[in-house]
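Here the structure is laid out as structure tokens; the discussion comes afterwards.
The values are calculated or read from the model by the stated rules, or taken from the named source; none is laboratory data. No experiment lies behind these values; they were computed from the predicted model shown. Backbone-built Cβ (ideal geometry, glycine too); neighbour counts: all protein chains shown. Just the protein is used for accessible areas: all its heavy atoms, side chains included, with ligands, DNA and RNA removed. Shrake-Rupley method; radii C 1.70, N 1.55, O 1.52, S 1.80 Å.
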Amino acid sequence: MQYNVTVIGSGPGGYVAAIRCAQLGFKTAIIEKYDTLGGTCLNVGCIPSKALLDSSEHFINAKEHFKEHGIDIPAPKVNIKQMIKRKEDVVKSNVDGIAFLMKKNKIDVLKGTGSFIDKNTIKVTSSDGKETQVTTDKVIIATGSKPTPLPFAPFDKKRIISSTEALTLTEIPSHLIVIGGGVIGMELGSVYARLGSKVTVVEFLDSLIPTMDGTMGKELQKVAKKMGMDIYLGHKVTAVENKGKEVVLKAEAKDGKVLELKGDYCLVSIGRKPYTDGLGLDKVGIETVKGQIPVDDHLKTNVDNIYAIGDVVRGAMLAHKAEEEGVFVAEQMAGQKPHINYLLIPGVVYTWPEVASVGYTEEQLKNQGRAYKTGTFPYKALGRARASMDTDGLVKILADKQTDEILGVHIVGARAADMIAAGVTAMEFRASAEDVARMSHAHPTYMEAVKEACLAATANRPLHI
Amino acid sequence: MAIQIKVPTVGESISEVTIANWLKKDGDVVKLDEVIAELESDKATFELTAQSDGVLKILKQQGTTVPIGETICEIEPGAAQAPQPPKAPATASTPQPQKTESKVSGGIKEMKVPAVGESITEVTISTWLKKEGDFVKLDEVIAEVESDKATFELPAEATGILHIVAKEKETLPIGGLICKIEITGESPVTEPQEKKETAVSASSGGSDKSYAAGHPSPAAAKILSEKGIPANQVQGNGVGGRITKEDAVKAQPSTTKPAETKAQPSQAAPVISSGGSRNIRKEKMTSLRKTIAKRLVSVKNETAMLTTFNEVDMKPIMDMRSKYKDQFKEKYGVGLGFMSFFTKAVCAALKDFPAVNASVEGDEIVYHDYCDISIAVSTPRGLVVPVIRNAELLSFNQIEGEVVRLATKGRDGKLSIEEMTGGTFSITNGGVFGSMLSTPILNPPQSAILGMHNIVERPVVKNGEIVVRPIMYLALSYDHRIVDGRESVSFLVRVKEMLEDPGRLILGV
């Protein structure tokens, strides 16, 4: 078959790129090696983890909060099989949705592993070994990423697991050890903590979610401790061993003290690495750098007709970043001149409470030597948060000292992930803290905390604290 | 945020309207739907209503013709509650230093095109020396403005942040809004005024233009990139001067860029192409060029112009010049050129024939008892004619000095209006470009112009013998309405005689 554009990988970057290509009139194909479309995000990432997060949240509410709300029920029990099944249903309906979208946009879905023969020819090898070839004018590589294993303790998928296995456990671990206090570790750690597991997090750096604003990590740590999680910061894991029924971890603190932990599962969530295996990049002369495919500002590789997006290229490994890049490349191919403001791609952690941020962190502003001011407002002082008893968290606004322009929005608290969109909007339009403070925010809502934090940033004049 | 009122679409075939009548004055408070002006198209007259309550700011004067969609006035809604007292009484009643007057007006100083000369009705912004959002100091030069007569510098009328309204190459009527200066605290204003300022700026809140002025929204940024227009060339009409999607959609590449028009292939009549370029370029006329065009045509139409010729043997002057030019240069610091001889000769001849130095004013003839000689100087922007005042009183070196000074200023575009107005007679020298003979056009309201040409060695008969002499042809164009043939011809002969025998210049014979 002859296509204008062939997309390799059907994750959120790939399938969105394919839809936009089709919208722009390109004859488009998408290659996917797994049985279902949607990539990591839909199958073993964002969507299933959110499904479980919500289930665990319901459970914790039933177990701990109903009583206070005046709802008496017998002590609830977790049916992990049902919980996992519901998660699979959610995943299925989502991936079916993608299949429908491909059909609707007349995009050919080619099942199999895509591999370059030359820059215009791709071989697709299906799971039964059948090979087909497509020729294409342009290619978008969107093959995503895979969990990074520890060099001394590869995933055995039984006791030493990655996020993929953590989403399909058939029992609730009695003690889950999480290596890496980043986004994935904290999300899945909080799921199992709420379902009743003892959870211990071992992090190499000195704070949780270390890429985010320092205040967020500290606040999240407080909440995690409240939940009963043990957190060891500044610890370097030196050994992980599967002993059959249990897993033993050894880590070293900065002062040389050795920590030994025993658990039934060890979730390794130390990051993800770009995935390009079997793609045949050597056939077209693309060389990866630290696993990443190098691209220019137009996301074009060193080969003229080949583009790459999402986790395989530089930048944050986020589904919505990949989606923006998918649209960007499609439009670029059509001769349009789209923009992506990478600073304003929000980062989100789906723990409970959620963490979300956009723009610069306070640490970044300090490093830049930029004069800034800070405004914070705690959820505790928010009527809406008290009504739902979600009083953990705060909103932090960073604004330029001279111009009052908002430079960063950081939220830890209920609904943070949804609220951050308002921060993105404000920053895309370069709003000042006072601009947001002067906009009417409905009462009672969580968003009032953003308004109040903006008032605090403007001239330290919040109204409700 | 001021609401811009644009010329509405009034009919299918109508592309422009003329502002027949402003029913409201600049600065008047107007109400929503109130009729503020009468517009006239070639088909009908209709009324323009205010689209908001507020204070009217007129951008296009009565009588101007504007295309559909162009902004003709703005209404500043916020200001409606507090109509400002008329300016003149305000300054009269408060005896303050003049400078502070400009600092009031609600924290924003609007700079309008000043009246620069009697006959000047519009100016073109030639260059912005400061950028949008720059901090400017009072009296600091922020732009160069060009009228049909001169280029002049525009000093800031207040200290503060500059917000450009009229873009480069835009033509504005006298009184048109050029820019706004957001006054910042640095200016030395008196106590009560400062209070007023802060009060007003606080009430207007975030609507003032700011650091974000010129920042395109995500959609606007994409559109501008695709059009190839840098954001700094677009006037942002969003909050704080942000560039909205609509601004980007409407933005047009600056027309003066030849690159924009160059690419359009010619769609002219079928010509068998030899492979060479068939491109055409269109450029907007500068106001200087438009005025030159208008005036030259009107001179031809309104005067009875004709030309008389003669020739001058330049040998005596050339001999004299080669003999003394080094000494002259050493003593006066300027070279001894031909202009001083011609100017002196012309001044002497004008005394003898005053009609040549006169002009028509209605039913009267105005005679000048002095000789203000306009000399034509070719500049990159076009021809300009600075004036040597009272040339009859000046010595050779003073004339040469003036010629150099005015020509240099002319080439640099620095001539003031005063330096170019009021001449009584003109000299133009097409000879520098190699012209042998031409018929110059009058420089109104003057009645005559002398044309100099190149000097060529020609065979001439002197005392019955053919000799080679450096000859220049002279042309005198004159307005036959007030200058008779006898006067004009005699004038030119007189000039010739004095040039051929420079001793006459000294003796006055």
Considering A:G278, A:G271, A:G256, A:G310, which residue is modelled with pLDDT under 95 and closer than 23 Å to A:T113 by Cβ?
A:G278
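Take the conditions small (G, A, S), modelled with pLDDT of 95 or more and not in a strand (DSSP E or B) and apply them to A:A75. Does it pass?
Values: small (G, A, S): yes; modelled with pLDDT of 95 or more: no; not in a strand (DSSP E or B): yes.
So A:A75 fails the test.
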Can you tell me which condition A:T425 does not meet? The list is (1) assigned to a strand (DSSP E or B); (2) closer than 29 Å to A:I47 by Cβ; (3) within 11 Å of chain B (Cβ to nearest Cβ), and all the others hold.
(1)
What tally of residues in region B:469-504 results from selecting those that are open to solvent by 40 Å² or more (accessible area, probe 1.4 Å), not basic (K, R) and not in a helix (DSSP H, G or I)?
4
Spans of strands (runs of 3 or more DSSP E) in region A:96-215 with at least 2 residues open to solvent by less than 10 Å² (accessible area, probe 1.4 Å) and of a type in the set (V, I, T)
A:121-125, A:131-141, A:175-179, A:198-202
Within region A:436-465, track down each residue that is open to solvent by 40 Å² or more (accessible area, probe 1.4 Å), polar (S, T, N, Q) and within 14 Å of chain B (Cβ to nearest Cβ).
A:S440
By residue number, the members of region B:399-423 that are part of a helix (DSSP H, G or I) and either surrounded by fewer than 16 Cβ atoms within 10 Å (Cβ to Cβ) or on the phi > 0 side of the Ramachandran plot (or both) are B:V404, B:R405, B:T408, B:R411, B:D412, B:E418
Sole miss for A:I293 among (1) within 14 Å of chain B (Cβ to nearest Cβ); (2) farther than 18 Å from A:A431 by Cβ is condition (1)
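If I ask for residues that are among the polar types (S, T, N, Q) and either within 14 Å of another protein chain (Cβ to nearest Cβ) or out of contact with any Gly (no Cβ under 9 Å at 6 or more places or on another chain) (or both), which ones from region A:321-366 would you list? Talk me through it step by step, then tell me what you get.
The first filter runs over region A:321-366 and keeps only residues among the polar types (S, T, N, Q), leaving A:332, A:336, A:341, A:351, A:357, A:361, A:364.
Result: A:Q332, A:Q336, A:N341.
Quick one: would you say A:K92 is part of a helix (DSSP H, G or I) and open to solvent by less than 30 Å² (accessible area, probe 1.4 Å)?
Numbers: part of a helix (DSSP H, G or I): yes; open to solvent by less than 30 Å² (accessible area, probe 1.4 Å): no.
So A:K92 fails the test.
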Quick check: is even one residue across region B:58-77 at pLDDT below 80 and open to solvent by 70 Å² or more (accessible area, probe 1.4 Å)?
no
Mind checking which residues of region A:327-370 are more than 19 Å from A:I420 (Cα to Cα), among the small types (G, A, S) and out of contact with any Cys (no Cβ under 9 Å at 6 or more places or on another chain)?
A:G335, A:G369
Selection over region A:137-173 where residues are within 23 Å of the chain's Cα centre (by Cα) and within 30 Å of A:A17 (Cβ to Cβ) yields a count of 18
Among the numbered conditions (1) open to solvent by less than 60 Å² (accessible area, probe 1.4 Å); (2) part of a helix (DSSP H, G or I), tell me where A:K380 comes up short.
(1)
Checking A:A433 against (1) within 30 Å of A:E323 (Cβ to Cβ); (2) within 14 Å of chain B (Cβ to nearest Cβ); (3) out of contact with any strand residue (DSSP E or B) (no Cβ under 7 Å at 6 or more places or on another chain), only one condition comes out false. Which one?
(3)
Note on A:F26: of the conditions (1) out of contact with any Asp or Glu (no Cβ under 8 Å at 6 or more places or on another chain); (2) open to solvent by less than 60 Å² (accessible area, probe 1.4 Å); (3) under 26 Å from A:G315 (Cα atoms); (4) not in a helix (DSSP H, G or I), unmet is (3)
Kindly indicate which of B:I427, B:I466 is part of a strand (DSSP E or B) and surrounded by fewer than 16 Cβ atoms within 10 Å (Cβ to Cβ).
B:I466
If we keep only residues of region B:216-249 that are closer than 15 Å to B:A2 by Cα and in a helix (DSSP H, G or I), then the residue farthest from the other protein chains (Cβ to nearest Cβ) is B:D247
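Can you pull out every residue in region A:408-422 that is in a strand (DSSP E or B) and either open to solvent by 40 Å² or more (accessible area, probe 1.4 Å) or within 14 Å of another protein chain (Cβ to nearest Cβ) (or both)?
Let us first name the residues in region A:408-422 that are in a strand (DSSP E or B), namely A:408-413.
Within region A:408-422, none qualify.
Output the residues belonging to region A:383-407 that are within 14 Å of another protein chain (Cβ to nearest Cβ) and assigned to a strand (DSSP E or B).
Within region A:383-407, the first condition is being within 14 Å of another protein chain (Cβ to nearest Cβ), and the residues that meet it are A:399-407.
Once the filter is applied, which keeps residues that are within 14 Å of another protein chain (Cβ to nearest Cβ) and assigned to a strand (DSSP E or B), region A:383-407 yields A:A399, A:D400, A:E405, A:I406, A:L407.
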Just to be sure I understand, how many residues within region B:319-337 are part of a helix (DSSP H, G or I) and either buried (at least 16 other Cβ atoms within 10 Å of the Cβ) or not assigned by TED's automatic domain parsing to the domain that holds B:S490 (or both)?
2
When you scan region B:374-388, how many residues do you find that are surrounded by fewer than 20 Cβ atoms within 10 Å (Cβ to Cβ) and in contact with a Cys (Cβ under 9 Å, 6 or more places away or on another chain)?
0
If I filter region A:265-277 for residues that are surrounded by fewer than 15 Cβ atoms within 10 Å (Cβ to Cβ), more than 21 Å from A:G182 (Cβ to Cβ) and acidic (D, E), do I get at least one hit?
yes
Say whether the condition of being touching an Asp or Glu at 6+ places or on another chain (Cβ under 7 Å) and within 30 Å of B:A143 (Cα to Cα) is met by at least one residue in region B:419-427.
yes
